[in-house]
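Have a look at the structure below before the remarks.
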Amino acid sequence: MSLSEPSETPGLPARQCFATTHWSVVLAAGDSASSRAGEALEELCRTYWYPLFAYVRREGHSPEDAQDLTQGFFARFLEKDYLAQVAREKGRFRSFLLASLRHFLSDERDRTSAIKRGGGKTILSLDVQEAEGRYLLEPAHNLSPEKIFERRWALMLLDRVLSRLREEYAAAGKADRFAVLETFLPGEQATGTYAEAADRLGVAEGTIKWEVHQLKRRYRELLRAQIAHTVSSPDQIDEEARYLIAVLSG
């Protein structure tokens, strides 16, 4: 599915909308003590911590050590002046986060004492039991830690888009309708035909086709918006989208 269509809020140009995205706020703050940048960075970390946990686990660490290392990483990442190391040309939060984690793990290999959940202080609330359950469902073949990180990153984006769509339909009192229509979205397993969906909802087949078209359009808009949160400029959205689709197709 093409992701090249513009995603704009009615009445606002795309670049004006983009200026409020999380990673652009962090980059704009640079090495300043901006509370807004700190909040944006923490929101990004809360959203995308699981790919890091999966990376650490795929590196061969036990569930307990992976929990300690992931929490320890966030302790250092959010409390130290990591923002001063961000260069705009590096662009993507995904790349910056993974490079920072690698640096952290390299440092930890040279230490004799383990970081224990941020030195006793919980930096982010991580549902590690749930994360370990998810990790055990990861492909058993030899995906590298980098590949598992990128795959999980892409799937986290799609999960957030699907959740947002579900919330929008529920807010409109159409949760049951969404349960039928979502099976026609990219990556979902279709459970029937348009005709069968129309029969379930008691509408014409043409209505279902139109609604699915609208749903896919909204899906593209939300996906672009999610990607925008993690890149430094609007020009990178299409490239990042193509890359993540390639990751999921590989």
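The values are calculated or read from the model by the stated rules, or taken from the named source; none is laboratory data. Keep in mind it's a predicted model, so treat the numbers as computed, not measured. As a convention, Cβ positions derive from the backbone with ideal geometry for all residues, glycine included, and neighbour counts pool all protein chains shown.
Every residue in segment 48-62 that is part of a helix (DSSP H, G or I) and either surrounded by fewer than 17 Cβ atoms within 10 Å (Cβ to Cβ) or among the aromatic types (Phe, Trp, Tyr) (or both), please. Reasoning before the result, please.
Looking only at segment 48-62, we keep the residues that are part of a helix (DSSP H, G or I), and these are 48-58.
Correct list: Tyr48, Trp49, Tyr50, Phe53, Tyr55.
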Exercise. Starting from segment 230-250, keep only residues that are among the polar types (S, T, N, Q), then list their pairs with residues that are assigned to a helix (DSSP H, G or I) and surrounded by fewer than 16 Cβ atoms within 10 Å (Cβ to Cβ) whose Cβ atoms are within a distance under 6 Å, requiring at least 6 positions of separation or different chains.
Key: Ser232/Arg88
Exercise. Just name the residue that is surrounded by the most Cβ atoms within 10 Å (Cβ to Cβ) out of those in segment 106-164 that are at pLDDT 70 or above and of a type in the set (Val, Ile, Thr).
Key: Val161
Practice problem: Go over the candidates Ala204, Ala175, Ala197, Ala179 one by one and state the one that is surrounded by 15 or more Cβ atoms within 10 Å (Cβ to Cβ), without any contact (Cβ under 8 Å) to a residue 24 or more places away in the chain and farther than 30 Å from Val25 by Cβ. | Solution: Ala197
Practice problem: Scan segment 54-74 and report the pairs whose first residue is basic (Lys, Arg) and whose second residue is crowded, with 23+ Cβ neighbours inside 10 Å, with Cβ atoms within less than 8 Å and a gap of 6+ or a chain change. | Solution: Arg57/Ala66; Arg58/Phe149
Quiz item: Among the residues of segment 83-96, which ones are at pLDDT below 75, part of a helix (DSSP H, G or I) and crowded, with 18+ Cβ neighbours inside 10 Å?
Solution: Leu83
Practice problem: From the list Arg224, Arg218, pick out the single residue that is touching a helix residue (DSSP H, G or I) at 6+ places or on another chain (Cβ under 7 Å) and crowded, with 19+ Cβ neighbours inside 10 Å. | Solution: Arg224
Quiz item: Which helices (runs of 4 or more DSSP H) sit wholly inside segment 169-250 and have at least 1 residues that are closer than 30 Å to Arg92 by Cβ and not β-branched (Val, Ile, Thr)?
Solution: 205-228, 237-249
Quiz item: Can you pull out the residues in segment 192-225 that are modelled with pLDDT of 95 or more and of a type in the set (S, T, N, Q)?
Solution: Thr207, Gln214
Quiz item: Does Lys80 fit the bill of being touching a helix residue (DSSP H, G or I) at 6+ places or on another chain (Cβ under 7 Å), of a type in the set (D, E, K, R) and modelled with pLDDT under 85?
Solution: no
